[in-house]
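Inspection log for the structure reproduced underneath, given as structure tokens.
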Amino acid sequence: MPPVPNAVSAKRGRNSKKEEVAEAAYEVIRERNEPVSRSDLYKELIARGLRIEGSDPEMVLSTMLWRMKDRVVRLKSGGYWLADVKNDEIGYEPAPPETEAELQVRIATEHPDMDASVEPISD
């Protein structure tokens, strides 16, 4: 009897990758040059051939974009905007770049099993 794929891998194979969805969403928002609602963004991404499926496809889209916050952000006022583009009209200011110290803290938090005492190799 052939192996049965587990539900997780079957589900992942069905949807477009979150990176592809985020890049396409970025392009849609850039083209419109205004915040785009989740519903409108979902419709446009589907029209462009991306696959976003699930019991609540728009929530699946929200989750994908939440995981790609470096490309697209959800505004408190509603809708999505480009994470790296200032917009005075809507009062959005991109977050400043991560400092080296912040990067080290984030890495240590995300990867507690790494030995922080090891010095990088230098020439």
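Taken together, the values in this text are just the output of simple stated rules run on the coordinates, not laboratory data. All figures in this text were calculated on a predicted structure; none of them were measured in a lab. Because the Cβ atoms are built from the backbone with ideal geometry, glycine has one as well, and the counts that use them run over all protein chains shown.
Shown in residue order for segment 73-88 are the 3J(HN,Hα) couplings computed by the Karplus curve 6.51 cos²θ - 1.76 cosθ + 1.60 at θ = phi - 60°: 10, 8, 7, 4, 7, x, x, 10, 9, 6, 4, 9, 10, 5, 9, 5 Hz (x for Gly and Pro). Less than 10 Å Cβ to Cβ from Glu19, Lys/Arg counted +1 and Asp/Glu -1: what total charge do the surrounding residues give? Net charge around Glu19: +2. The residues neighbouring Thr63, those whose beta-carbon lies less than 12 Å from its own, together hold a net charge of +3 under the Lys/Arg +1, Asp/Glu -1 convention.
Leu103: net charge of surrounding residues, Cβ under 14 Å, Lys/Arg +1, Asp/Glu -1, itself excluded? That sum, taken over residues with Cβ under 14 Å, equals -4.
With 0.36 nm allotted per residue and the present C-alpha distance subtracted, the Thr63-Glu31 stretch has 9.3 nm of extension available.
Amide H to amide H distances under 5 Å link Tyr92 with Asn87, where only residues 5 or more positions off or on other chains count and H is placed in the peptide plane. Between the beta carbons of Lys76 and Glu98, assuming R0 = 22 Å, the FRET efficiency works out to 0.50 to the nearest 0.05.
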